[in-house]
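All remarks here apply to the structure that follows.
Laboratory data are not the source of any read-out in this text; all were calculated from the coordinates shown. Values in this document were obtained by computation on a predicted structure and should not be read as measured data. With ideal geometry, Cβ positions are generated from the backbone for all residues, glycine too; neighbour counts draw on all protein chains shown.
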């Protein structure tokens, strides 16, 4: 007879997500995960297959936390919706982990193309969705530009938000606000 789990998977994954967010993938050991998640190595491997499996679930958990911000942007109109997303995302990152930036951005910086394929798939799904929403919101304000032009603007905004996230780790909020304002004045 199989043993019943003595933990709630969503709760232990959130703890793991925070640990990865603070330390990165490579610097987070299975021992650290055991201590933070409050479960032993056997349970980690039985439930998630590997450290990589825990990380993949952590990325999914993180994406779920960002869902509300994306939904708010989708429910609003035009460039103003994207700008509000920039501010909301900056607040989200600072409120949740202090100066931790963005788990997805941190992972891209740490692992680049060496990220495990299933983790990269999760991260790119979020990036591609965000780009599509940016493009749709840009279209709200600009019915005449080509799809190619709007795609380039959406890509620019993706790079801008990545830069903002990195800068937010060390810059004052007033400087981040200036960055956001200049980003949107250039569109």
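Some notes on this structure:
- Residue within the range 30-37 that is out of contact with any strand residue (DSSP E or B) (no Cβ under 6 Å at 6 or more places or on another chain) and not in a helix (DSSP H, G or I) present: no
- Condition met for residue 12 (under 24 Å from residue 121 (Cβ atoms) and surrounded by 20 or more Cβ atoms within 10 Å (Cβ to Cβ)): yes
- Output for the range 157-187, where each listed residue is part of a helix (DSSP H, G or I), farther than 17 Å from residue 93 by Cα and touching a residue at least 12 places away in the same chain (Cβ under 8 Å): 157, 183, 184
- Any hit, the range 63-77, residues being free of Cβ contacts under 8 Å to residues at least 12 places away in the same chain, farther than 30 Å from residue 10 by Cβ and out of contact with any helix residue (DSSP H, G or I) (no Cβ under 7 Å at 6 or more places or on another chain): no
- Candidates 132, 93, 125, 88, filtered to the one that is in contact with a helix residue (DSSP H, G or I) (Cβ under 7 Å, 6 or more places away or on another chain), surrounded by fewer than 20 Cβ atoms within 10 Å (Cβ to Cβ) and outside any loop (DSSP other than H, G, I, E, B): 88
- Among the residues of the range 152-178, those that are buried (at least 18 other Cβ atoms within 10 Å of the Cβ) and over 17 Å from residue 134 (Cβ atoms) comprise 168, 176.
- For the range 135-148, taking the residues that are in contact with a helix residue (DSSP H, G or I) (Cβ under 9 Å, 6 or more places away or on another chain) and assigned to a helix (DSSP H, G or I), the one that is surrounded by the fewest Cβ atoms within 10 Å (Cβ to Cβ) is identified as 147.
- Test: residue in the range 27-36 that is surrounded by 14 or more Cβ atoms within 10 Å (Cβ to Cβ) and touching a residue at least 60 places away in the same chain (Cβ under 8 Å): no
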